[in-house]
Amino acid sequence: MLKQRILTAVILAPLMLAGLFGLSGTPFALFTGAVVLLAGWEWANLSGVAAPLGRLGYLAVIAVLMLAGWQTGAVAAAWPLWLALGGWLLSFYWVAGYPERGWQWRSSPARLLTGLWVLVPCWAGLVQLRASGAEWLLYVLLLVWLADIGAYFAGRRFGRHKLAPRVSPGKSWEGVYGGMAVTVLLALGYALGLALPLGESLWLVLITLVVTLASVLGDLLESLFKRWRGIKDSGRLLPGHGGILDRIDSLTAAVPLFALLKLWQ
């Protein structure tokens, strides 16, 4: 399993970095759109749609929404990001009230609809961040990765108080605090490196803390749906790593929120 994970990472990482930072404009939108469609294939299964034809139909809906957003310019607007914020607030309500509030999202149509506000605004946020300059796209990626690493080690060393035991028993509040500590260091380092004024630096630290918490929520929402569906991984596309959603679940919440708070401040 470890050999598989390493081999997949060695092959995948350069491709992802080349796509994210070597492309811009329409090619970047197409590249990230393809990743979102792969995630949509897995989300359809999380929603209880196992038949290939049904899952392809769901991908068609996502593709039409992205194409419409690109053609009308909505992909560059703030309202898709506000839509994501509203959706993630509802998701927090669901995660905090699991399983009692499950009746609100258990139906396949409800879960499919949830996937639209999870995936499409994430794509819009990626496009907007790339258009604003690669440094902020890199920042949000580093934020999510470092938050995950910090949470892992802090949770293993100090984890005592469970975060959401009925949704994801392995996560702890100490892990969350560890992730936040690491991302604050990232924010301070970025502020110094870019010579940001004091006010902008403090704002970056603040939104970094908020987005770090949002990234945890993205992970928890996918865990909630996987638990209800009775599966361990969202897919098997990435040997040793599970599915695409398993790799980008935190980004789906972090990207649109960071784009909203940083680009539309």
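When restricted to residues that are over 17 Å from LEU260 (Cβ atoms), free of Cβ contacts under 8 Å to residues at least 24 places away in the same chain and part of a helix (DSSP H, G or I), the stretch 188-204 contains 9. Considering only the stretch 152-163, I want to know if a residue exists there that is under 18 Å from the mean Cα position of the chain (by Cα) and over 22 Å from LEU46 (Cα atoms). The answer is yes, given that some residue of the stretch 152-163 is under 18 Å from the mean Cα position of the chain (by Cα) and over 22 Å from LEU46 (Cα atoms). Of all residues in the stretch 226-265, exactly one satisfies the criterion of being part of a helix (DSSP H, G or I), over 17 Å from ASN45 (Cβ atoms) and of a type in the set (S, T, N, Q), namely SER250. Considering only residues in the stretch 169-186 that are crowded, with 19+ Cβ neighbours inside 10 Å, of a type in the set (Gly, Ala, Ser) and in contact (Cβ under 8 Å) with a residue 24 or more places away in the chain, the one that is farthest from TRP136 (Cα to Cα) turns out to be GLY175. Per the conditions (1) at pLDDT below 95; (2) in contact with a Leu (Cβ under 7 Å, 6 or more places away or on another chain); (3) within 14 Å of ALA259 (Cα to Cα); (4) not polar (S, T, N, Q), the sole criterion not satisfied by VAL120 is (1). Counting only helices (runs of 4 or more DSSP H) that fall entirely inside the stretch 58-166 and contain at least 2 residues that are farther than 28 Å from VAL184 by Cβ, the qualifying elements are 79-96, 108-132.
The values are calculated or read from the model by the stated rules, or taken from the named source; none is laboratory data. Here the structure is a predicted model, which means the values were calculated and not measured. Every residue, glycine among them, receives a Cβ derived from its backbone with ideal geometry; neighbour counts consider all protein chains shown.
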